[in-house]
Amino acid sequence: MRNSEKQTMAVIGAILFLGLLMGVSLLLSQFVVAEAQEKETSQIQTEDSASSEQEEEDKEEEEDEEDEEEEEAVELEPGFQKVVDEVRAFWKRESESEIEELVISPFRVPPRKEQYEYYPCMDCHEEQEVQPERELTEEHEDLVLDHGKQRFWCLTCHFAGKEKNYLRSLKEQKIDFNESHLLCGQCHFERQKDWLMGAHGKRVGSWSEERTILLCVECHNPHSPAIKPQLPDPIPKGIREIRMERSNQPHKIETKHELIKVWDRIALKYKNERTK
Amino acid sequence: MTDKKAAPISRRNFFKKAGTAGAAIASGTTALAVASDVLEGEAYSDALKEYFQKHYRDMSKDEVKAALARIERKAKRKHGVDITVENTAPYAREDTVFGYALNISKCKGYRKCVYACVEENNLSRDPEIHYIRVLEMEKGSMDLEKSNHYFGEDPVPKAGKFYLPVQCQHCEDPPCVKACPTQATWSEPDGIVVIDYNWCIGCHYCVIACPYWARHFNWEEPVIPKEEINTETHYLGNRPRERGVMEKCTFCIQRTRKGKMPACLEACPTGARVFGNLLDPKSEIRYILENKTVFRLKEELNTEPKFWYYTD
């Protein structure tokens, strides 16, 4: 009896084993086929793309540039467009395509003009004349000019005539006070590029929506732009200090979970009962 | 069968077993009875439900909703403040992965970020917990062991020093997550490493695993002045914590998942901090990664931090 049972068991085992093998092999074969198909398709795709790339390369470069421009046709803020034009003009030796990369996204600058105490300048300067000397004695005497190692004075960036409501570029162009970065960018063009691209300066508001970045003058005083050393916020308490404080106090026992409080009360109750 | 001897049930053993079982049952029932006396009504049921709360990722929508309401009620009882706890869903992995970049040539060590973070994230004021450590380093050296964490008696920046703020680096391959025995910490689809404070048992394995000293433990019940509690909170972020749980920087999950900037970035007076979406090719952080000299802390450990330091 036992022998026959063993035999039947062996047969069933063999059948099961074979079945398993079959299943595994089927699965494997399907997998292999699928992979092969994928490879084929990807190869075809790469071939396609390679050929198309070649064709595109064969075409005239101008067309490509036009295409890129069409793709990146974003409505730029007037200030931003101006900057791009300026930078283009400045970097004449660079090719067009490299300058294209400068544009990442249009931005907005929080208006600054309205915050100025003395703006619009022409309110006072309609009558008052500009002082010819370099020392300020009657008005604005609190201004300290420490910019460019004494190479500049007021009329480097401000107009002497009737255009006082605007800033003055080195080419005597008018620059709006809300676009003052154009003025700074005349010398600090590398910084300006960083600022435009987000590697310098500060973005405010949202990381995902409209890009709002602060103007240079929000952080740097244009008349004395270097940032002065200052005392930092309080020093964190060191572990040793905390230990010193705690060593004189009795150990605080405040429990974590509300339920544990309950267990504590129960323990106390039992303790009291026991002492009775 | 005969060789196996049945243990004779002695009278003494029987009474021992029966006695302990009875005592357990009795103590249990009395415990519940006493408990219901101490914590009445809602507080009692809340405490019980919190005790048996599931892991955050295992809870159904209704269960999460109930848990959020429980936390709000508890904050009201404990701190006397009406807070809102949310569980803003993560961005999809395909769209958004958060990254951070910090310009160490701009950081001057003013520590504004440290205290902005304390206020935003309801960190304990006593004992102090700071998610951000600003290290004063010798110029030309990256020896973290010789850095000074406790600078600040003189005005900063000092000559010959640079400042290196260190916080949670939100690694792609986080060693803290690997170390956690209860899976109370994990990496969200948008790349933020979070903790379920209810599931943390406070075993400190993650502290030991983290090479950036980014995890902080509540050794005592956190003390926050009532009027300084930030009432806009997130379940995985800045909701009030308890004694005995781990906590860490979450890139201000309660803010960034709504499109806002992290608090440390908003507070930075030098504009050294840049936050953004690593998958957006037009984002500022991508420009920095592609065009600036960047490095990551302890890169050789292959933790793949999503926190870069760069220089001008």
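Condition first: of a type in the set (S, T, N, Q) and either within 14 Å of chain B (Cβ to nearest Cβ) or in a strand (DSSP E or B) (or both). Now tell me which residues in segment A:162-213 satisfy that. Step through it out loud before you land on a result.
The first filter runs over segment A:162-213 and keeps only residues of a type in the set (S, T, N, Q), leaving A:165, A:169, A:173, A:178, A:180, A:186, A:192, A:206, A:208, A:212.
The answer is A:GLN192, A:SER206, A:SER208, A:THR212.
For every residue, the table says whether it meets (1) among the hydroxyl-bearing types (Ser, Thr, Tyr); (2) surrounded by fewer than 18 Cβ atoms within 10 Å (Cβ to Cβ); (3) within 16 Å of B:ASN121 (Cβ to Cβ); (4) touching a residue at least 60 places away in the same chain (Cβ under 8 Å).
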residue	(1), (2), (3), (4)
B:GLU247	no, no, yes, yes
B:GLN254	no, no, yes, yes
B:GLY259	no, yes, no, no
B:ALA272	no, no, no, yes
B:ASN277	no, no, no, yes
B:THR293	yes, yes, no, no
B:ASP312	no, yes, no, yes
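When B:GLU300 is tested against the conditions (1) farther than 21 Å from A:ILE213 by Cβ; (2) in contact with a His (Cβ under 8 Å, 6 or more places away or on another chain); (3) of a type outside the set (A, V, I, L, M, F, W, C), the lone failure is (2).
Hey, any hits in segment B:266-273 for a residue that's out of contact with any Cys (no Cβ under 7 Å at 6 or more places or on another chain) and closer than 23 Å to B:PRO174 by Cβ? Don't jump to the end; show me each part of the working.
Within segment B:266-273, the first condition is being out of contact with any Cys (no Cβ under 7 Å at 6 or more places or on another chain), and the residues that meet it are B:266, B:269.
Next, from what is left, pick out any that are closer than 23 Å to B:PRO174 by Cβ: none.
No, segment B:266-273 has no match at all.
Does B:PHE275 qualify as being out of contact with any helix residue (DSSP H, G or I) (no Cβ under 6 Å at 6 or more places or on another chain) and aromatic (Phe, Trp, Tyr)? No: the conditions fail for B:PHE275.
Residues in segment B:123-137 that are closer than 24 Å to B:LEU102 by Cα and among the charged types (D, E, K, R): 2 in all. Residue count for segment B:74-97, restricted to those that are within 21 Å of the chain's Cα centre (by Cα) and over 30 Å from A:SER208 (Cα atoms): 4. Any chance you could count how many residues in segment A:107-133 are closer than 30 Å to A:TRP195 by Cβ and part of a loop (DSSP other than H, G, I, E, B)? The qualifying residues number 11.
Going by the structure shown, is B:ILE201 assigned to a loop (DSSP other than H, G, I, E, B) and more than 10 Å from chain A (Cβ to nearest Cβ)? Don't jump to the end; show me each part of the working.
Values: assigned to a loop (DSSP other than H, G, I, E, B): yes; more than 10 Å from chain A (Cβ to nearest Cβ): yes.
So B:ILE201 fits the description; yes.
Meeting the requirement of 1 or more residues that are within 14 Å of another protein chain (Cβ to nearest Cβ), the strands (runs of 3 or more DSSP E) wholly within segment B:208-312 are B:273-277, B:293-295, B:307-311.
Restricting A:LYS193, A:LYS174 to residues that are touching a Leu at 6+ places or on another chain (Cβ under 8 Å), basic (Lys, Arg) and within 30 Å of B:THR293 (Cβ to Cβ) narrows the list to A:LYS193.
The numbered conditions (1) under 36 Å from the mean Cα position of the chain (by Cα); (2) modelled with pLDDT under 85; (3) small (Gly, Ala, Ser) are all true for A:SER169 except (2).
The listed residues are B:TYR131, B:TYR110, and the only one of them that is more than 10 Å from every other protein chain (Cβ to nearest Cβ) and touching a strand residue (DSSP E or B) at 6+ places or on another chain (Cβ under 8 Å) turns out to be B:TYR131.
Scanning segment B:43-92 for residues being in contact with an Asp or Glu (Cβ under 7 Å, 6 or more places away or on another chain) and either at positive phi or among the basic types (Lys, Arg) (or both) gives a total of 5.
Determine whether B:ILE201 is among the β-branched types (Val, Ile, Thr) and surrounded by 15 or more Cβ atoms within 10 Å (Cβ to Cβ).
Working: among the β-branched types (Val, Ile, Thr): yes; surrounded by 15 or more Cβ atoms within 10 Å (Cβ to Cβ): no.
Criteria not met by B:ILE201.
Any chance segment B:88-103 includes a residue that's among the acidic types (Asp, Glu) and surrounded by fewer than 14 Cβ atoms within 10 Å (Cβ to Cβ)? Yes, segment B:88-103 contains at least one residue that is among the acidic types (Asp, Glu) and surrounded by fewer than 14 Cβ atoms within 10 Å (Cβ to Cβ). Checking each residue in segment B:274-309 for being closer than 25 Å to B:CYS176 by Cβ and of a type in the set (Ser, Thr, Tyr) picks out B:THR303, B:TYR309.
Any idea which residue in segment B:156-189 is nearest to B:VAL245 (Cα to Cα), counting only those that are within 12 Å of another protein chain (Cβ to nearest Cβ) and surrounded by 14 or more Cβ atoms within 10 Å (Cβ to Cβ)?
Checked segment B:156-189; the qualifying residue nearest to B:VAL245 (Cα to Cα) is B:PRO165.
Exactly one residue out of A:LEU259, A:LEU196, A:LEU214 is surrounded by 15 or more Cβ atoms within 10 Å (Cβ to Cβ), within 30 Å of A:CYS154 (Cβ to Cβ) and at pLDDT below 90: that is A:LEU196. Would you tally the residues in segment B:151-186 being at pLDDT 95 or above and among the small types (Gly, Ala, Ser)? Of the residues in that region, 2 qualify.
Being over 21 Å from the mean Cα position of the chain (by Cα) and part of a helix (DSSP H, G or I) narrows it down to one residue among B:GLU145, B:GLU153; which is it? Every option except B:GLU145 fails the conditions. Scanning segment A:100-108 finds no residues that are basic (Lys, Arg), modelled with pLDDT under 75 and under 34 Å from the mean Cα position of the chain (by Cα).
The values are calculated or read from the model by the stated rules, or taken from the named source; none is laboratory data. Predicted model only: the values in this text are computed from it and were never measured. Cβ: placed from backbone, ideal geometry, glycine included. Neighbour counts: every protein chain shown.
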